[in-house]
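Heads up: the structure comes next, in structure tokens.
The values are calculated or read from the model by the stated rules, or taken from the named source; none is laboratory data. All of these numbers come straight from a predicted model, not from anything done at the bench. Ideal geometry is used to build each Cβ from the backbone, glycine not excepted, and the neighbour counts take in all protein chains shown. Accessible surface is based on the protein model in full, side chains and every heavy atom, while ligands, DNA and RNA are left aside. Shrake-Rupley method; radii C 1.70, N 1.55, O 1.52, S 1.80 Å.
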Amino acid sequence: MTTPLRLGIAGLGTVGVGVVRILRRQAALLSARTGRDLQLVAVSARDANRDRGVPLGGYAWESDPVALARRDDIDVFVELMGGHDGPAKEATEAALASGKDVVTANKALLAHHGQDLAEMAEAAGRTIRFEAAVAGGIPVIKALTEGLAGNEINRVMGVMNGTCNYILTQMEATEQPYEVLFEECAKLGYLEADPDLDVGGIDAGHKLALLSAIAFGTRVDFDNVTLEGIQRITLEDIQQARDMGFRIKLLGVAQRTARGLEQRMQPCLVPASSPLGQLEGGTNMVVIEGDAVEQIVLRGPGAGEGPTASAVMGDICDLARGFRVPTFGQPAATLDPAPAATAARPAPYYLRMRLHDKPGALAKIAAALGSAGISINRMRQYGHAEPTAPVLIVTHKTTSDALDDAITAMQDTDVMVGHPVALRIENV
């Protein structure tokens, strides 16, 4: 095609400005690679007068993103505002209704409304591209929908929130507690306006729901993602996991089982020698297991102006080439409303507890585990000066229900102080 692909960008924050910079800096390269010019026509943001460090005077300005989405002189609406409702949703729907393709970095929007928007896009003969919504600069959406299209996917897992991985790895490296590093991240601007989106696992849970839909051909089902954040992880957990050859990660796991679709985003122990165990700082990693390819590992920056803008541009370039696939890799009508798993697959668990230092204390804990059908793999008691003793137990494989029963029984004894910490150990 010789006609330019005309773009409208709604949202001129970090990512939006990054896209503008790439369009200006790499115009000739983009044209050579796609066979047509990529032309930014109009933009929209809250404040037209703010200096964003990039010239914007040559583009039409729309104060209303819905008006931008409806403009006759754009072909692709690039939604970079964020938020799962309000202007982002309204503008995306307006763009599709006006016959435009959509490129977005908005995982919350798709996690909550992905099925409806996918159906709307297909009815209009359009598509929604969202590589930038998951794992920043890592092309994991493209890998699942294209490169691995010949595989039956068995499992998808990964570290998908750089802020959480930064906190956990810095706790180990600096021996500072969670609270100190949380405040550091707040000062550095690493946290969302609502920090619970990061440290509570919600942001990463949105991403997992999208990957799960593509991997297993199911409807996006964020409501059934089990979410647990990193707020309860202590320096003691980090150190004791390391002593046993593990590291703690906020890990997302999605797999289809006989019990249903299992989707979990929670702190887990992984072997320190594994690719996930070696992941440092704010980097993201996604591990995909398929029947033909076996296991592949994708690693890279999960956020930031350059990586996320790069992902947005990849989607735009595909549209410029005339390449399009259904939003979630197959027609929306064929996506399976898979039932949520009633329970996670059995796994070993790490248990940390504090017991009164008196005869028979460990025997009562072992009895509670035994009564729940849980066997002990390893047990360790650390030196102490207090009248209570820190104890660490690694179990053999068990179910979460059996573990809950055992913990209830432990707390009914007179030997436990407080509530134990229980973390799943994931085989990777």
(Q) Using Cα springs under 10 Å in a Gaussian network model of the chain, which residue among Lys107, Lys187, Lys207 shows the largest mean-square fluctuation? (A) Lys187
Q: Would you work out the relative contact order for region 148-254, in percent, from Cα pairs under 8 angstrom that are 6 or more residues apart?
A: 41 percent
Q) Of His84, His356, His113, which has the largest mean-square fluctuation in a 10 Å C-alpha GNM of the chain? A) His356
Q. Using the alpha-carbon centroid of each, what span in Å lies between region 360-428 and region 234-275?
A. 18 Å
**Q.** Sequence-distant aspartates and glutamates (8 or more away, or on other chains) whose Cα lies within less than 12 Å of Lys397
**A.** Glu426
**Q.** In nm, spacing of pseudo-spin labels at Asp414 and Ala124 (7 Å Cα→C-beta vector)
**A.** 6.9 nm
(Q) Relative contact order for region 261-323: what percent, with Cα pairs under 8 Å and sequence separation of 6 or more? (A) 19 percent
Q. For region 276-368, which whole-number percentage of the solvent-accessible area (1.4 Å probe, protein heavy atoms only) is attributable to carbon and sulfur atoms?
A. 55 percent
Q.
If you roll a 1.4 angstrom probe over the protein chains with everything in place, what fraction of the accessible area of region 91-173 belongs to carbon and sulfur, to the nearest %?
A. 44 percent
Q.
Explain nothing, just the number: relative contact order of the chain, from Cα pairs under 8 Å at least 6 residues apart, as a whole percent.
A. 16 percent
Q.
With a cap of 13 neighbouring Cβ atoms within 10 Å, and only residues DSSP puts in a loop, list the chymotrypsin sites (Phe, Trp or Tyr not before Pro) found in region 289-379.
A. Phe323
Q. Heavy-atom accessible area per residue, the chain, 1.4 Å probe: how many Å²?
A. 41 Å²
Q. Which order, highest average first, do 304-311, 28-35 follow once you tally other Cβ atoms within 10 Å for each residue and take the mean per peptide?
A. 304-311, 28-35
Q) Rg and Dmax of the chain, Cα atoms, in Å? A) 24.0, 83
